[in-house]
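I have placed the structure first, in the form of structure tokens, so that the comments after it can refer back to it.
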Amino acid sequence: MAYWLFKSEPGEWSWDDQASSSNPDGEEWDGIRNYQARNNMREMNVGDRGFFYHSVGEKRIVGIVEVTAEAHPDSTTDDPRWECVDVKAVEPLPVPVTLAQCRETPELSAMVLVNNTRLSVQPVTENEWKIICRMGGL
């Protein structure tokens, strides 16, 4: 299993939106128009886990999602260059983990989130995953 981080503006699609989805197969992680983020999604497999990150003002990891469908054409565009995966909510973090906390944690100094806050879909190492889960109360 691989680990990822999915960033979303809570005013556009929040953890509450994801968690209250009535689709048991998950929702498309659509609208991504960055090649690196798209390529990260192409590397995902069903069952991979990801952190759900609220960007903009909050800047915090608030939940865990699971990949339910591998990369496929993004339904929000006719441009064949853009693909997405489907994800479903697994569980909220009991204690959200902020970007500031990640930056203050020496073991997370190499984390993509700490070094490239603009990338909307990014890999997370297994060690980073364990540290953040512990920080978040899991």
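The values are calculated or read from the model by the stated rules, or taken from the named source; none is laboratory data. Predicted, not measured: the structure shown is a model, and the values here were computed from it. All Cβ positions, even for glycine, are placed from backbone atoms using ideal geometry, and neighbour counts span all protein chains on display. Only protein heavy atoms, including side chains, enter the accessible area calculation; ligands, DNA and RNA are left aside. Shrake-Rupley method; radii C 1.70, N 1.55, O 1.52, S 1.80 Å.
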*Could you go through the stretch 65-81 in sequence order and give the Karplus-derived ³J(HN,Hα) for each residue, using 6.51 cos²θ - 1.76 cosθ + 1.60 with θ = phi - 60°, rounded to whole Hz, and x for Gly and Pro?*
10, 10, 6, 10, 8, 6, 3, 8, x, 6, 6, 8, 8, 8, 6, x, 6
_Once each part is reduced to its C-alpha centroid, what is the distance from the stretch 51-73 to the stretch 1-31 in angstrom?_
5 Å
_Tell me the mean residue ellipticity at 222 nm calculated for the chain from its helices only (DSSP H runs of n ≥ 4, each -39500 (n - 2.57), averaged over every residue, nearest 500)._
-6000 deg cm²/dmol
*Which residues' amide hydrogens lie under 5 Å from the amide hydrogen of residue 21, considering only partners 5 or more residues apart or on another chain, with H built in the peptide plane?*
none
*asked:* Can you give the FRET efficiency to the nearest 0.05 for residue 9 and residue 104, using r as the Cβ-Cβ distance and R₀ = 22 Å?
replied: 0.40
*For the stretch 36-79: rounded, prolate or oblate by the Cα gyration tensor [a/c cutoff 1.5]*: oblate
*Charge tally in the Cβ shell below 12 Å around residue 93, where Lys, Arg are +1 and Asp, Glu are -1, residue 93 excluded*: +1
*Expressed as an acute angle from 0 to 90° and rounded to the nearest 10, what is the orientation of the C-alpha long axis of helix 126-135 relative to the principal long axis of the chain?*
60 degrees
*With a ≥ b ≥ c taken as the square roots of the eigenvalues of the C-alpha gyration tensor of the stretch 15-119, please select rounded if a/c is under 1.5 and otherwise prolate if a/b is larger than b/c or oblate if it is not?*
oblate
*Please list the non-local residues whose amide H lies under 5 Å from the amide H of residue 83, H modeled 1.01 Å from N, same-chain partners needing a gap of 5 or more.*
74
*Which value, in Å² rounded to 10, gives the accessible area of residue 98 with a 1.4 Å probe and all protein chains present?*
40 Å²
_Straight-line reach only, C-alpha to C-alpha below 20 angstrom: list the lysines that residue 59 could link to, leaving out same-chain residues fewer than 8 apart._
7, 130
